[in-house]
Structure formats: C-alpha cells, structure tokens
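To start, the structure under review is shown below, and the notes come after it.
The values are calculated or read from the model by the stated rules, or taken from the named source; none is laboratory data. Computed from a predicted structure; not experimentally measured. Here the Cβ is made from the backbone with ideal geometry for all residues, glycine too, and neighbour counts use every protein chain on show.
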Amino acid sequence: MDGGSFVDGLMLSLQPINIFWIIIGGFLGTVVGMLPGLGPATAVAVLIPVTFGMDPVSAIILMAAIYYGAMYGGSRSSILLNTPGDGSAIAATFDGYPMAKKGQAGEALAISAVASFIGGLIAVVGFIFLAEPLATFALKFGPAEYFLLMLLTLSAIVALSIGKMVKGFLAMMMGLTLSTVGIDTQTGVYRFTMDIPHLSEGIDFLIVIIGVYAIGEVLYNLLTIDREKKEKKKVGRVWFTKEQWKRSKWPILRSGPIGFLIGVLPGAGGSIASMIGYTTEKQISKKPEEFGKGAPEGLAAPESANNAASVGAMIPLLTMGIPGSGTTAVMLGALVMLGLRPGPLLFEQQPETAWALINSMFIGNIVLIIINIMLVGLLVKILDTPSKVLYPIIVILAFIGTYTLSYSTIDFFLLLIFGFFGLLLKVMDFPLAPLVLALIVGAEMEQNFRKALLSSNGSFDIFFSSGVSIALVILTIVSLLYPLIFKFFKKRSRVNNPDQASKSS
Amino acid sequence: MKAIKLSVPIFFILFSTVFLIASFNLPKANLGNPNAPIYFPAGLSIIMLLFSVIYLFQELKKLHKENKYIKEMLSGRTPKLIGFTLLLGIIYSFIFERIGFLSSTIIYLGALLFYINGVKKWMVNIIVTIVFSFISWYAFSVLLGVSLP
C-alpha cells in the first residue's frame, strides 16, 4: 500500500464538502433503500442526477455513500415491515421481523446497524489490503484476458440466478445486443442506428438503468399498492441488551470476512452473502431452533455479511473496471458519465481518488451508524410515509435524471419504453442484473474480443495463451456448470436425508 | 394471461430475428476485415434466437400455470394505474420543454398523485406537488446548476 496516496486520499475524503456529501448520500440512500421494493440499484439510479456538475471525487464518494446507505436502509423495512428493499435484505426479515413483533424493534434496529457497521469496517480493511495488489495484477491483462474476465462475470451472474438461467441468458444477450447500437469505434461503421442521429452514440445505458430500475420498479410496485398495509411499530430505545450483544458479536465478526470475500466474487453479491452468513450461523449455533423466531445472531450475521459484501463488490469495479453486480454496474455507468474510468489505471493515475473513496467508506460507515441509531425516529416517520406519495416522486426524479443526460426529451420516450420493458421482465421473473451488466460492459467486451483476435491474426488460441486466460476459461465453464452441480448436490442430500428434505419442502 | 406469457418469448424471437437480419445488412468496413462489425452482433443474435426458442418451449410447458404477478397486473385498477402513469409520462414528455419544468411537473406530479393516492387526500397531494416541484427545481436548477427548461 502506498502510504502517501493513502494519506492524500484520507485528507481528500475528510474535506468538509466530501463529509457533507457522505452525510447527504448516506441519508438519501438510507431513505430510498428503506422504501419497500426499492434497493440500492434503484437508489443509485434515481439519485444519479444529484452528482451532476460535481467534482468527480465528490461524486464517487456521494454515490458510494448512497450505495451503502441503501444497504443500511434496506434492512429497516425488513425489520419493521417484513418487506425487504431488495434481495440482500431478505435474510434480515427472518429474525429481524420476529424480534420487532416481540416488541424488540429498537434492539433489532440497533443490532442491524452495529452489525452492518462492523461488517463494513472489516470489509474496508480487506479492501485496503486487496485493492492495490489486484489492480497491479490487472495491469498485466491484455484484451483476451479482459474479454474472458467480462465473460466470466456475465456467466457468473447468469449462473447464480438458479432456476431461471435461460431467462438470465436472454437478458444478458439483450443487453449485449443493445450495446452494439451506434458507431463501431474500430471501423466507424454505423450499426442499427436507423438513421436516427441520436442513436449514433449508442443507447445511453443510464437511460436503460433509470428506466428499468426506477420506472420499472415503481410500475412493478403499483401492482400491489392498493393492498399495502402499514404496520406501526413502537421502536422505543434503540440499543441492545448485554445478552443480545454476547450472542451477536461472534456471528458479526465471522460473517464480515465471509461477506467481503463473496462480494469480491463476480456475480455474487449481498443476497448470497447474507444467506450464507445466516445459514452458517444457524449451522454452528447451539440454539438453531431459535432461528426464525427472533434470534439476535440470526439478524446480526446476515447484516454484517451483506454490508461487507457491498464494500467487497467495489473491488472488481475499482481495480478492474468490471462491476460484479447490478448495483455496481449502475455505479460504473454513472462514473463513466462523470469522466472517471475505474480500472487498474485508476490506482496508478489517480491514486488519491481511489484512496479518497476507500477512506470515505470508513467515514461513511461511521456516519451511517449515527444516522441509523440517532435518527431512527425520523427514519421510522419516513417509513410511515405512504408509498402512494413516494412512488410518483421517484418517477419525477427519474425524468429529471434522464433529462440531465442529454437535455433532450426524446430520451423520455426511451425511458418509458425501458420502464415498461423492465416491468414485463420483473413480472415474468427475469433477473435484471444480467441485462444491465451486459449493456454496460458489452461495447468494451466486443472491442477487447476483436482486439485480441486482431493481435493473433484471427486465431482463437489467444484465449488460451496465458495462465490467467486458461484459469478464466475454466472458471467460466465451472460457473456455467454451477446450476447442474447445485442440482446434483441438492438431489443427493435429498436421497441421503429424506426426512429433512420433506421438512424443508 | 396466456397472451402475456407468450408475448415475452415471441418478442425475444422477433427481436433476435430482426437483429440477425439487420446484422447481415450492415455496411462493410473500409478498414481491416470488412465483416468485422458484423460478427459480434450476428453471433449474439443467433445465440439469443436459440435461447428465445428454448424459452418459448419452457413457457408453453407451463402455459396453464398461474403467474400471480400477471394476475395482479391485470386485476382491479392496476392496468389503469400502469397505463395512466405511462400515458401521463408521454404527455409530460411533450409538454416538458414547451411549458417549462415547473408547470409541467406540477401538472404531471399532481395528476399522478390524485390518481394513485386518491382525491380524498387532496390536501396532501397539493402540498406534496407544490413543495416537491419547487424543491426539485431549486435543488437541480439553482444548487446543482442543471439547466432545466
């Protein structure tokens, strides 16, 4: 680790303006993440316009704060309403909501906030040690390795949508196909622009992101808006008992590193991290029968894991320029728009930016625990605000965000089309992350593919020419076979434990 | 319900077919391999077409199985809610630059709130519309320097 850059980054992140943006981003992220049905990806997508006109360092700090603010926020609605903001907050409902039902809402919120805080801190430490070596390693990557890495990321994200792999592939193909629209940068050929000048630069992926994640999610939430019941919960004192802390501290410390490592892996994110954190603790617990009935460790473990994963997921984004999840894909889109190019060169050319972000994560976690514990009364009041009022506001924010991209209302129509398309995909149970991820990395994937072939005079041997590329090919094949392996082991465990299988089903 | 279930795979089949045809009709490159811009989109379209057909068969197999989300999408006032939100969005797109951000947002947000939140809560709707429209105009236009019409 370069000590000078670290200190420079720390000083940059400690500038009053950046602290201000961390507070604003953390609070806004918490609020949007808290809204039932809306997760970090939507929070970042909707709040992208807030970063316009900002200094890129402040913008990246703000966006990261929105991201982990939304991760904190997601668990508020899980605990209080049994309605997770997104997949990574689902595990918080298992024991968080039963705790709230038992009159321990304040304790549950405190455990969740402290677990998220410690999980986040563990991950930031991991980030400090892992980011730079990984960036240095990524500098050795050529076009073939980059293409294969992107292929692995996409395959992993599709393979992890178990049970809907065909849909995942279709979403991915759709994203890749749409990324080919516009001028081909290598030959100057106009592709699929239908003589519309607006399309010559391609379909702006931010419009697709805002359409799918903001408009699409709001439309999807309209399906159940009339049946929404708001339960008012008394929160009381937001702190936990000694006994609860005793039961939570080790699960928090164990789940943090697990979550971080899962977050670093392409495709895997907060949802998987929190589930693994939860099941691991249940398996090693002396009181597994209490899980699902309000066990504090059942809340602490997934909360620590998912927050650690959210920090871990920033590693592939910053060091290789490849997002490993839907939310980091949205962030990449916004960063590129701001003129920042995450990747190995970021640490070489703009080390202070990279380290400012890493340090801001540390500060952000401190700010967020303060927000989530001291301002809990305000957050609960916001949670009481009817969705029928909040969703129209999100729609307007989506329109403003779109307008600021090109100052053209033509994009409004694209926004509505992709919003409706997003709704259809959600209704038909399509995973959205492969679509967004593919659309963002698609253009670069194609360019790297062609550059690699160009350098090898058209020979595909280039994709097997180095140890890294062979490892990436093997990992891609393994990730594609993962659903089959998963099915096989599930079948085997059913055969071996027929009693347990029947219980679990 | 069946129509919606089938519309998505059919859309993917049509989309990939159109893209495939369009790929082969792309102009040739003057630099390097003349077919270089064609390979990637053509390859993707072929793979997408294959997956679309597999998906169609998957959907045909469970055509009679109920999808609760499609049911919700088609029941009660939900289709109207979705349709109204989109229709108002189209109108907003047309009037945004003509009458300006503030007036068009007050109209769009107000109409959405009255429709979604109900007429009975008219006071909340009016307050939220006016306060949010002004705050967002001030935040974006004045604080963030975004040029809004």
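Restricted to region A:273-392, the set of helices (runs of 4 or more DSSP H) holding at least 3 residues that are modelled with pLDDT under 85 comprises A:326-337, A:344-349, A:351-374, A:376-384.
With respect to the conditions (1) under 30 Å from A:THR476 (Cβ atoms); (2) without any contact (Cβ under 8 Å) to a residue 60 or more places away in the chain, A:GLY259 falls short on a single one, namely (2). Being assigned to a helix (DSSP H, G or I), of a type in the set (S, T, N, Q) and more than 9 Å from chain A (Cβ to nearest Cβ) is a condition met by no residue of region B:73-93.
Residues in region A:332-355 that are of a type in the set (A, V, I, L, M, F, W, C) and in contact with a Pro (Cβ under 9 Å, 6 or more places away or on another chain): A:LEU332, A:LEU335, A:VAL336, A:LEU338, A:LEU340, A:ALA354.
Filtered by the rule that a residue be assigned to a helix (DSSP H, G or I), closer than 19 Å to A:GLU446 by Cβ and not hydroxyl-bearing (Ser, Thr, Tyr), region A:167-220 gives A:PHE169, A:LEU170, A:ALA171, A:MET172, A:MET173, A:MET174, A:GLY175, A:LEU176, A:LEU178, A:LEU199, A:PHE205, A:VAL208. A:SER75 versus (1) closer than 28 Å to A:LEU432 by Cα; (2) surrounded by fewer than 24 Cβ atoms within 10 Å (Cβ to Cβ): which is the lone unmet condition? The one condition A:SER75 does not meet is (2). Would you call B:VAL124 more than 7 Å from every other protein chain (Cβ to nearest Cβ) and among the aliphatic types (A, V, I, L, M)? So B:VAL124 does not fit the description; no. Quick one: is B:GLY118 surrounded by fewer than 19 Cβ atoms within 10 Å (Cβ to Cβ), within 9 Å of another protein chain (Cβ to nearest Cβ) and within 30 Å of A:ILE48 (Cβ to Cβ)? So B:GLY118 fails the test. For region A:177-186, residues that are under 22 Å from B:GLY32 (Cα atoms), in contact with a helix residue (DSSP H, G or I) (Cβ under 7 Å, 6 or more places away or on another chain) and either more than 9 Å from every other protein chain (Cβ to nearest Cβ) or crowded, with 19+ Cβ neighbours inside 10 Å (or both) total 6.
Would you check which residues across region A:199-212 are of a type outside the set (Val, Ile, Thr), touching a residue at least 24 places away in the same chain (Cβ under 8 Å) and more than 14 Å from chain B (Cβ to nearest Cβ) and list them? Scanning region A:199-212 gives A:ASP204, A:PHE205, A:LEU206.
On the given criteria, is A:SER155 in a helix (DSSP H, G or I) and touching an Asp or Glu at 6+ places or on another chain (Cβ under 7 Å)? Answer is no for this residue. Summed over region A:237-260, residues that are over 29 Å from A:LEU378 (Cβ atoms) and surrounded by fewer than 18 Cβ atoms within 10 Å (Cβ to Cβ) total 3.
To keep it simple, each residue is scored yes or no on (1) within 11 Å of chain B (Cβ to nearest Cβ); (2) farther than 19 Å from A:ALA171 by Cβ; (3) among the β-branched types (Val, Ile, Thr).
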position: A:TYR391; (1), (2), (3): yes, yes, no
position: A:VAL395; (1), (2), (3): yes, yes, yes
position: A:GLY401; (1), (2), (3): yes, yes, no
position: A:SER408; (1), (2), (3): yes, yes, no
position: A:ASP411; (1), (2), (3): yes, yes, no
position: A:LEU437; (1), (2), (3): no, no, no
position: A:VAL441; (1), (2), (3): no, no, yes
position: A:LEU454; (1), (2), (3): yes, yes, no
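One residue is enough: does region A:474-483 have a residue meeting the conditions closer than 13 Å to A:PHE147 by Cα, assigned to a helix (DSSP H, G or I) and modelled with pLDDT of 85 or more? The answer is yes, given that some residue of region A:474-483 is closer than 13 Å to A:PHE147 by Cα, assigned to a helix (DSSP H, G or I) and modelled with pLDDT of 85 or more. Taken over region B:127-147, the residue count meeting the criterion of being crowded, with 19+ Cβ neighbours inside 10 Å and at the interface with chain A (Cβ under 7 Å from one of its Cβ atoms) is 5. Contact map, region A:95-121: first residue without any contact (Cβ under 8 Å) to a residue 12 or more places away in the chain, second residue surrounded by fewer than 24 Cβ atoms within 10 Å (Cβ to Cβ), Cβ cut-off under 9 Å, separation 6 or more or different chains; the map is empty.
When we screen A:ALA100, A:ALA92 for residues that are of a type in the set (A, V, I, L, M, F, W, C), under 21 Å from the mean Cα position of the chain (by Cα) and assigned to a helix (DSSP H, G or I), the only hit is A:ALA92.
Scanning region B:1-36 for residues that are out of contact with any Phe, Trp or Tyr (no Cβ under 9 Å at 6 or more places or on another chain), within 8 Å of another protein chain (Cβ to nearest Cβ) and surrounded by 17 or more Cβ atoms within 10 Å (Cβ to Cβ) returns B:LYS5, B:PHE15, B:ALA29, B:ALA36. What number of residues within region B:112-131 are in contact (Cβ under 8 Å) with a residue 24 or more places away in the chain and not β-branched (Val, Ile, Thr)? Residues in region B:112-131 being in contact (Cβ under 8 Å) with a residue 24 or more places away in the chain and not β-branched (Val, Ile, Thr): 2 in total.
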